[in-house]
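Heads up, the thing below is written out as structure tokens.
The values are calculated or read from the model by the stated rules, or taken from the named source; none is laboratory data. Fair warning: this is a prediction, and the values are worked out from it, not measured in the lab. Neighbour counts are summed over all protein chains in view; Cβ atoms, including those assigned to glycine, are modelled from backbone coordinates with ideal geometry. Ligands, DNA and RNA are stripped out before the accessible areas are found, and what is left, the full protein with its side chains, is counted by its heavy atoms. Shrake-Rupley method; radii C 1.70, N 1.55, O 1.52, S 1.80 Å.
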Amino acid sequence: MTDQHFNWISGLMLAPELGDVAVKVISGNRISKEEGLLLYEKAELSFLALLADQVRQRINGNNTYYNRNIHIEPTNICLYNCRFCSYSHHQSSKSWELTIDEMVRTVDELHDSITEVHIVGAVHPGRDIHYYTELIKKIRVVKPSIHIKAFTAIEIEHMIRKAGISLMEGLSMLREAGLDSIPGGGAEIFDEKVREVICGKKSTSEAWLEVHETAHRLGIPSNCTILYGHIESYEHRIEHLERLRALQDRTGGFNAFIPLKFRNKNNELSWIKEVSVLEDMRNYAVSRIFLDNIAHLKAYWPMIGKQMAALSLSFGVDDLDGTINDSTKIYSMAGSDESNPSMSVEEIEQLIRNSKRIPVERDSVYNTISKSQLAG
Ligand code: V47
Ligand code: SF4
């Protein structure tokens, strides 16, 4: 810790225990669950921003990452009926499913500059792993080098269970078919009592963690998420982060953490008021400070809107996901701020430069594809 840091901490009117946390964070030491909770409950937002910024700067310098991707949602027909979900056929007047040929055609028609296809949909009761390995293999044929990031742990657990094989066998099959990584969805909140209320029938937290741990052991990296701002408490959030941090200590397989803000339109939890933007920023900052072993913190801009995503860069965020196309229904139906989520490379880079950060186009595992200049 430098003299400048010391002067900065001494100059703040802090409760002594917050001063101790600040010293730990600035010295690059890990904070405990209790200290994480203290930050959620007691710390001023400006203090959190300063600490989160220190961690972001240490891990990622001034780089802010994005990639060129497309989202495909295969179906809205779902075995489960999560109460926060606005997307599944239970909440909609229409059930729909894309055929393998339709999805492959979408990928085939993509411009070559798209580097990643992200595939997440509902848990279709009739589709098992053989269906999905065929989809991946066919995508590989038309775009051999595209990165395929597909299926939440919940979709994976169901497709493998339905086929009556082990997780290790199923994930190996997906990898051999061409799956490159796994997105972070389906984690929601790990506390089983809260989970029971908001998505009772869905796979357990243990199952979610087991899918990711097994994938990491097979060399398949993944992302992780939290769904926050519904009925959970700060204790539940810290407990969730702690379980992710512990898994990351064992495997190192998580690339990025993505906090997903609960949106309340058109679902069974619509009576819950959405949390404020200040709360979103508090959550980004505490996540950045607590998850010292996950390199990237992603703001999923189609969910919170472009302006809030820009603001989040001052609260620990270093990744804005991708340029994305306009087919993302999971959030638009839940009331996200972007009804037509797409951003051109020029727009995303300008947004990053306006925050005095360096735009870096990345591949799906955070290798640099191109790096722009700060000025602009
Ligand atoms: O698991 C569903 C969330 C997730 C709502 O890995 C909702 O790069 C808020 O996997 N309000 C799926 N959230 C999304 C997902 C994802 C998204 C972006 C990036 C990545 C990545 C993964 O969407 C679900 C659930 O947590 N969700 N409904 C809602 N009403
Ligand atoms: Fe199905 Fe996913 Fe919606 Fe739950 S969140 S009902 S698993 S589509």
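Would you mind finding the one in LEU110, LEU135 that is open to solvent by less than 50 Å² (accessible area, probe 1.4 Å), touching a residue at least 40 places away in the same chain (Cβ under 8 Å), in a helix (DSSP H, G or I) and away from ligand 1 (no atom under 16 Å from the Cβ)?
Being open to solvent by less than 50 Å² (accessible area, probe 1.4 Å), touching a residue at least 40 places away in the same chain (Cβ under 8 Å), in a helix (DSSP H, G or I) and away from ligand 1 (no atom under 16 Å from the Cβ) holds for just one of LEU110, LEU135, which is LEU135.
Residue under question is GLY322, and the condition is that it be surrounded by fewer than 22 Cβ atoms within 10 Å (Cβ to Cβ), at pLDDT 65 or above and within 14 Å of ligand 1 (Cβ to nearest atom); does it hold?
No; evaluated as a whole, the condition is false for this residue.
Against the condition more than 19 Å from ARG83 (Cα to Cα), touching a helix residue (DSSP H, G or I) at 6+ places or on another chain (Cβ under 9 Å) and either open to solvent by 50 Å² or more (accessible area, probe 1.4 Å) or within 16 Å of ligand 2 (Cβ to nearest atom) (or both), how does GLU176 come out, does it pass?
Here the answer is yes, as GLU176 does meet what is asked.
If you scan segment 134-159, which residues turn out to be among the β-branched types (Val, Ile, Thr) and farther than 15 Å from ALA122 by Cα?
If the condition is that a residue be among the β-branched types (Val, Ile, Thr) and farther than 15 Å from ALA122 by Cα, then ILE136, ILE139, VAL141, VAL142, ILE146, ILE148 are the ones that fit.
What are the residues in segment 29-54 that are within 15 Å of SER312 (Cβ to Cβ) and acidic (Asp, Glu), if any?
Once the filter is applied, which keeps residues that are within 15 Å of SER312 (Cβ to Cβ) and acidic (Asp, Glu), segment 29-54 yields only ASP53.
For segment 225-259, what are the residues that are within 16 Å of ligand 2 (Cβ to nearest atom) and in contact (Cβ under 8 Å) with a residue 60 or more places away in the chain?
Scanning segment 225-259 gives ILE226, LEU227, HIS230, ILE258.
What are the residues in segment 261-303 that are modelled with pLDDT under 95 and either closer than 28 Å to VAL365 by Cα or crowded, with 23+ Cβ neighbours inside 10 Å (or both), if any?
Matches in segment 261-303: TYR300, TRP301, PRO302, MET303.
Might you check whether a residue that is closer than 19 Å to LEU37 by Cα, touching a residue at least 24 places away in the same chain (Cβ under 8 Å) and within 14 Å of ligand 1 (Cβ to nearest atom) occurs anywhere in segment 192-214?
Yes - at least one qualifying residue is present in segment 192-214.
With respect to ILE220, is the statement that it is β-branched (Val, Ile, Thr), without any contact (Cβ under 8 Å) to a residue 60 or more places away in the chain and within 16 Å of ligand 2 (Cβ to nearest atom) true?
Here the answer is no, as ILE220 does not meet what is asked.
Can you tell which of ALA187, ALA246 is of a type outside the set (S, T, N, Q) and within 15 Å of ligand 1 (Cβ to nearest atom)?
ALA187
Considering only segment 37-54, I want to know if a residue exists there that is modelled with pLDDT of 95 or more, part of a loop (DSSP other than H, G, I, E, B) and open to solvent by less than 60 Å² (accessible area, probe 1.4 Å).
Yes, there is a match, as at least one residue in segment 37-54 is modelled with pLDDT of 95 or more, part of a loop (DSSP other than H, G, I, E, B) and open to solvent by less than 60 Å² (accessible area, probe 1.4 Å).
Would you please name the residue that is modelled with the highest pLDDT, looking only at residues in segment 325-365 that are hydroxyl-bearing (Ser, Thr, Tyr) and open to solvent by 30 Å² or more (accessible area, probe 1.4 Å)?
Among residues in segment 325-365 that are hydroxyl-bearing (Ser, Thr, Tyr) and open to solvent by 30 Å² or more (accessible area, probe 1.4 Å), the one modelled with the highest pLDDT is SER355.
Please indicate, with yes or no, whether at least one residue in segment 63-71 is away from ligand 1 (no atom under 16 Å from the Cβ), open to solvent by 70 Å² or more (accessible area, probe 1.4 Å) and under 25 Å from the mean Cα position of the chain (by Cα).
The answer is no; no qualifying residue exists.
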